[in-house]
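Engineer: My structure is below; once you've seen it, I'll send some questions.
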Amino acid sequence: MNLEQASYLAEIIGVVLVVASLIYVARQLRQNTDAIRAQSRQAVLTAAQAELFAEMENPDIVTSIVKAGALSQEEHIKLAAWLFAVLRVRQFSWLQHRNGAIDDSQWNTEVSVIRFIFDSKKTRDWWTKIGHLAFGDEFSEFINSEIRDHLPTEKAWQSVANWTDP
């Protein structure tokens, strides 16, 4: 083998090594992306479970939503704090979906939760009066579009409070 053939062989080996390196990096990136998506889904699930446990420990949160008439100051504060927390999780989900870390299926579940939350005049009043002030313009506009497109029926929260009733 002469020097020219050795040079060609070295170039071929170099190209093969570069291609192999690129394949390896692509696999690592895919695995990293999958791990990030799994972490995002887990974070949303953990936060959603915390919301449910808060409702279990404080059923007055739900009863204040379905209660006829005015709320006491304590009921206002507790419900407002819970709604801020619940919507902060939805905002995280919205951001993760926009960044591709949460897929459409998971995001559609989160949209269903948002619609559920705002199936009440009280929760909508909270959003209109103070809730929207704590969130960015883009997320607030998304929530506003959901509120415009889905009028409250009061049925969702009534079913939580009385799901065994005929």
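Engineer: If each DSSP helix of 4+ residues adds -39,500 (n - 2.57) and the sum is divided by the residues in the chain, what number results at 222 nm, nearest 500 deg cm²/dmol?
Structural biologist: Rounded to the nearest 500, it is -27000 deg cm²/dmol.
Engineer: So if we plug the beta-carbon distance of E141 and L95 into 1/(1 + (r/R0)^6) with R0 = 25 Å, what FRET efficiency do we get, rounded to 0.05?
Structural biologist: My answer for the efficiency is 0.95.
Engineer: Please order D119, D34, D60 by the number of other Cβ within 10 Å, starting at the fewest.
Structural biologist: The most exposed by this proxy come first: D34, D60, D119.
Engineer: Something else now. Quick one: order K122, K67 by neighbouring beta-carbon count within 10 Å, fewest to most.
Structural biologist: With the fewest neighbours first, K122, K67 line up as K67, K122.
Engineer: Quick one: what are the phi-derived ³J(HN,Hα) couplings along the range 31-47, Karplus 6.51/-1.76/1.60 with θ = phi - 60°, whole Hz, x for glycine and proline?
Structural biologist: 5, 5, 4, 4, 5, 5, 4, 5, 5, 5, 4, 5, 4, 5, 4, 4, 5
Engineer: Please state the charge dipole magnitude for the range 40-161, taken about the Cα centre, from unit charges on C-beta atoms (+1 on K and R, -1 on D and E), reported in debye and rounded to the nearest 20.
Structural biologist: That gives the range 40-161 a dipole magnitude of about 140 debye.
Engineer: Fewest Cβ neighbours within 10 Å first, please rank L17, L87 accordingly.
Structural biologist: Placing the least packed residue first, the sequence is L17, L87.
Engineer: Moving to a separate point now. Quick one: 3J(HN,Hα) in Hz for the range 11-26, Karplus 6.51/-1.76/1.60 with θ = phi - 60°, rounded, Gly and Pro as x.
Structural biologist: 5, 4, 4, x, 5, 4, 5, 5, 4, 4, 5, 5, 4, 4, 5, 4
Read-outs throughout are calculated quantities, based only on the coordinates presented, and are distinct from any laboratory measurement. Every value quoted in this text rests on a predicted model; they were computed, and no experiment measured them. Heads up, the Cβs are rebuilt from the backbone with ideal geometry, glycines too, and the neighbour counts pull from every protein chain shown.
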